Amino acid sequence: MTDIVLASRNPKKIKELKALLADLPVRVLSLDDFCGVPEVEETGQTFAENAEIKAKTVAQATGLISVADDSGLEVDALGGQPGVYSNRFAGPDATDRDKYMRILELLQGVPDDNRTARFHAAVAVATPEGETVVVEGTCEGRIAREPRGEGGFGYDPIFYLPEFGRTMAELPPDVKNQISHRAKAMHAAKNVIRRLLSE
């Protein structure tokens, strides 16, 4: 069985990504399984650039195929913000709750029809030899009026999916792992990983 490494230390994200990779013949490691892998600065201007920077750095540091994602929320009424700054939007030490409450605060008075948003994910797969492939996925929805649900993480409690009548945080994990931005990007990434394994 081949080892691959997820370029993350976020336990909730690692759990989600491991579930999405469960049907591949790989053992999935995370940055917590390695000593001395540097923290990667997300200096890119896009999700794709950030994912690529992380995947390349971790592949070089570990000598293994590396999978990195960068993702965030794009709110149309905020001109696409927070976008690549989703993680730092409410300040460097903000909790998930701080982040989504900041979005709700900025959207006070904005009618439902104008609360359209999407989750956007880029997943990069990098080899130690220097090959990198980036794939992307999106999930369309709206920003709810108040947070709902205990599942997921990040902005999930305020991301409302009209076709389900629920927020992302109210969906069972198996449903989220079929429809989310990250699931769509990971589905494409798995085809890249299968090719690399066969080679």
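Taken together, the values in this text are just the output of simple stated rules run on the coordinates, not laboratory data. What you are looking at is a predicted structure, and each value in this text was computed from that prediction instead of being measured. Glycine gets a Cβ as well: all are built from the backbone with ideal geometry, and neighbour counts include every protein chain shown.
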With a 10 Å cut-off between alpha carbons and a GNM built on the chain, which of 76, 174, 156 moves the most? 174
Please express the Cα-Cα pair-distance distribution P(r) of region 105-154 as a list of whole percents, one per 10 Å bin, running from 0 to the bin with the greatest distance. 18, 34, 25, 15, 7, 0
To the nearest 10 degrees, how steep is helix 96-106 against the longest Cα principal axis of the chain, on a 0 to 90 scale? 40 degrees
Label-point gap, in nm, between residue 178 and residue 18 - each point 7 angstrom along Cα→Cβ: 2.4 nm
Using DSSP to call loops (not H, G, I, E or B), can you name the trypsin sites (Lys or Arg not before Pro) in region 40-127 whose Cβ has at most 16 other Cβ atoms within 10 angstrom? 88
MRE, 222 nm, helices only [DSSP H, n ≥ 4, -39500 (n - 2.57), over the chain, to nearest 500]: -10000 deg cm²/dmol
Stretch gain in nm, segment residue 76-residue 34, where the contour uses 0.36 nm per residue and the Cα spacing is subtracted: 11.2 nm
Taking a straight Cα-to-Cα line shorter than 21 Å from residue 190, and setting aside same-chain lysines fewer than 8 residues away, one finds 12, 13, 15, 18, 54, 56, 176
Considering only DSSP beta bridges with both partners in the chain, what is the antiparallel share in %, to the nearest 5? 75 percent
As an exercise, use a Förster radius of 22 Å and the Cβ-Cβ distance of residue 106 and residue 41 to find the FRET efficiency, rounded to the nearest 0.05. 0.25
Computed over the Cα atoms of region 2-198, the Rg and Dmax in Å are 16.7, 54
Exposure proxy check: 153, 89, 159 ranked by fewest other beta carbons within 10 Å? 153, 89, 159
Could you work out the relative contact order of region 1-133? I mean the mean sequence separation of Cα pairs under 8 Å and 6+ apart, divided by the number of residues, in percent. 28 percent
Alpha carbon centre of region 1-71 versus region 144-199: separation in Å? 18 Å
